[in-house]
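Participant: One structure coming up, written as structure tokens, with questions to follow.
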Amino acid sequence: MSFSPPRLILASSSVYRKAMLQRLGLPFETFSPDLDESPLPDETPAALSQRLALAKAQHIAQQHPGALVIGCDQVATHDGQPIGKPGSYEGALAQLRELSGKEVQFHSALALTDGERQVVVDVITRCVFRDLTDDEIAHYLTVEKPFDTAGSAKAEGLGISLMAAMHSDDPTAIIGLPLIELCRQLRSYGVNPTLQAQVL
């Protein structure tokens, strides 16, 4: 008797996360959880990202019983303080000037639930920015316009040129969906992308 994998759902409207999950060759759907993402009083950035990842997965799982739901959230921090999305050229300019020559930690939280059990993991990526000139920052922002990205640098694009070093157990985590950890957790639910991938 052949194994029928569970219905797989990505609880996210992010085009970046959707593109990442497509790499595994598994059929999946996407739904936006549309939750309040405000931090709780005294909540650390790491705790916030994990709580939101799980809340997103649980919210969608309640609407789709029997599905295996992936929830994600990412919070960037510098010296333990959260770094938001700049939202504008001016905001990104100020952010990159502040982060020049410094280290940013990205907490990429991953949650899975089938409605019965759940798992939450925090995958950390440490990004060290080069000492950046104003000319470099201005040209980068004009070319890539990373105004919807925490830290104002898209590591999957030209933003990688702003880095002196990146350290992580999972090089895909910086994009917001840590695929190595996801595959590990999927296998614990009986889904093995290596064996079950399809040509989509």
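Computed from the coordinates by the stated procedures, all read-outs in this text should not be read as laboratory data. These numbers come from a predicted model, not from an experiment. Quick reminder, even Gly has a Cβ in these numbers, built from the backbone with ideal geometry, and neighbours come from all protein chains shown.
Participant: Do we find a residue being over 30 Å from ARG184 (Cβ atoms) and surrounded by 16 or more Cβ atoms within 10 Å (Cβ to Cβ) anywhere in region 103-110? It would help to see each step written out before you state the result.
Facilitator: So in region 103-110, the residues over 30 Å from ARG184 (Cβ atoms) come out as none.
No: zero hits.
Participant: Hey, another quick one. So which residues in region 144-159 are touching an Asp or Glu at 6+ places or on another chain (Cβ under 9 Å) and closer than 15 Å to LEU177 by Cα, if there are any at all?
Facilitator: LYS154
Participant: Filter region 141-191 for residues that are in contact (Cβ under 8 Å) with a residue 24 or more places away in the chain and of a type in the set (Asp, Glu) and give the result.
Facilitator: Hits for region 141-191 are ASP148, GLU156, ASP169, ASP170, GLU181.
Participant: Restricting the search to region 133-154, which residues are surrounded by fewer than 18 Cβ atoms within 10 Å (Cβ to Cβ), part of a loop (DSSP other than H, G, I, E, B) and either aliphatic (A, V, I, L, M) or under 20 Å from the mean Cα position of the chain (by Cα) (or both)?
Facilitator: First pass over region 133-154, keeping only residues surrounded by fewer than 18 Cβ atoms within 10 Å (Cβ to Cβ): 133-136, 138-139, 142-143, 145, 147-148.
Those left that are additionally part of a loop (DSSP other than H, G, I, E, B): 133, 145, 147-148.
Once the filter is applied, which keeps residues that are surrounded by fewer than 18 Cβ atoms within 10 Å (Cβ to Cβ), part of a loop (DSSP other than H, G, I, E, B) and either aliphatic (A, V, I, L, M) or under 20 Å from the mean Cα position of the chain (by Cα) (or both), region 133-154 yields LYS145, PHE147, ASP148.
Participant: In a strand (DSSP E or B), more than 12 Å from LEU96 (Cα to Cα) and among the acidic types (Asp, Glu): does that describe ASP122? Before you say what the answer is, go through the steps one by one.
Facilitator: Working: in a strand (DSSP E or B): yes; more than 12 Å from LEU96 (Cα to Cα): yes; among the acidic types (Asp, Glu): yes.
Answer is yes for this residue.
Participant: Out of the residues in region 1-40 that are of a type in the set (Phe, Trp, Tyr) and over 17 Å from the mean Cα position of the chain (by Cα), which is nearest to HIS59 (Cα to Cα)? Walk me through it before giving the result.
Facilitator: Keep residues of region 1-40 that are of a type in the set (Phe, Trp, Tyr), which gives 3, 16, 28, 31.
So of that shortlist, the ones also over 17 Å from the mean Cα position of the chain (by Cα) come out as 3, 28.
Details: PHE3: 27, PHE28: 17 Å.
The selected residue is PHE28.
Participant: Would you point out which residue out of LEU40, LEU35, LEU10 is in contact with a strand residue (DSSP E or B) (Cβ under 8 Å, 6 or more places away or on another chain) and of a type outside the set (Phe, Trp, Tyr)? Step through it out loud before you land on a result.
Facilitator: Values: LEU40 fails: in contact with a strand residue (DSSP E or B) (Cβ under 8 Å, 6 or more places away or on another chain); LEU35 fails: in contact with a strand residue (DSSP E or B) (Cβ under 8 Å, 6 or more places away or on another chain).
One residue alone meets the criteria, LEU10.
Participant: Wholly within region 1-108, which strands (runs of 3 or more DSSP E) include no fewer than the required count, namely at least 2 residues that are within 30 Å of GLN198 (Cβ to Cβ)? Walk me through it before giving the result.
Facilitator: Numbers: elements: 8-11, 68-78, 81-83.
Ranges flagged: 8-11, 68-78.
Participant: What is the residue count in region 59-117 for residues that are among the hydrophobic types (A, V, I, L, M, F, W, C), more than 30 Å from LEU132 (Cβ to Cβ) and under 20 Å from the mean Cα position of the chain (by Cα)? Let's see the steps before the verdict.
Facilitator: Going residue by residue through region 59-117, those that are among the hydrophobic types (A, V, I, L, M, F, W, C) are 60-61, 67-70, 72, 75-76, 83, 92-94, 96, 99, 104, 106, 109-112.
Add one more test, that the residue is more than 30 Å from LEU132 (Cβ to Cβ), and what stays is 60-61, 67-70, 110-112.
Those still in the list that are under 20 Å from the mean Cα position of the chain (by Cα) too: 60-61, 68-70, 110-112.
Total satisfying the criteria: 8.
Participant: Which residue pairs have Cβ atoms closer than 9 Å, lie 6 or more positions apart in sequence or on different chains, and pair a first residue in region 71-85 that is surrounded by fewer than 16 Cβ atoms within 10 Å (Cβ to Cβ) with a second residue that is of a type in the set (Ser, Thr, Tyr)?
Facilitator: Sorted first by the residue in region 71-85, then by its partner, the pairs are GLY80/THR44.
Participant: Something else now. Which residue is surrounded by the fewest Cβ atoms within 10 Å (Cβ to Cβ), if the candidates are limited to region 155-171 and must be in contact with a strand residue (DSSP E or B) (Cβ under 9 Å, 6 or more places away or on another chain), of a type outside the set (Asp, Glu) and part of a loop (DSSP other than H, G, I, E, B)?
Facilitator: Among those that are in contact with a strand residue (DSSP E or B) (Cβ under 9 Å, 6 or more places away or on another chain), of a type outside the set (Asp, Glu) and part of a loop (DSSP other than H, G, I, E, B), it is PRO171.
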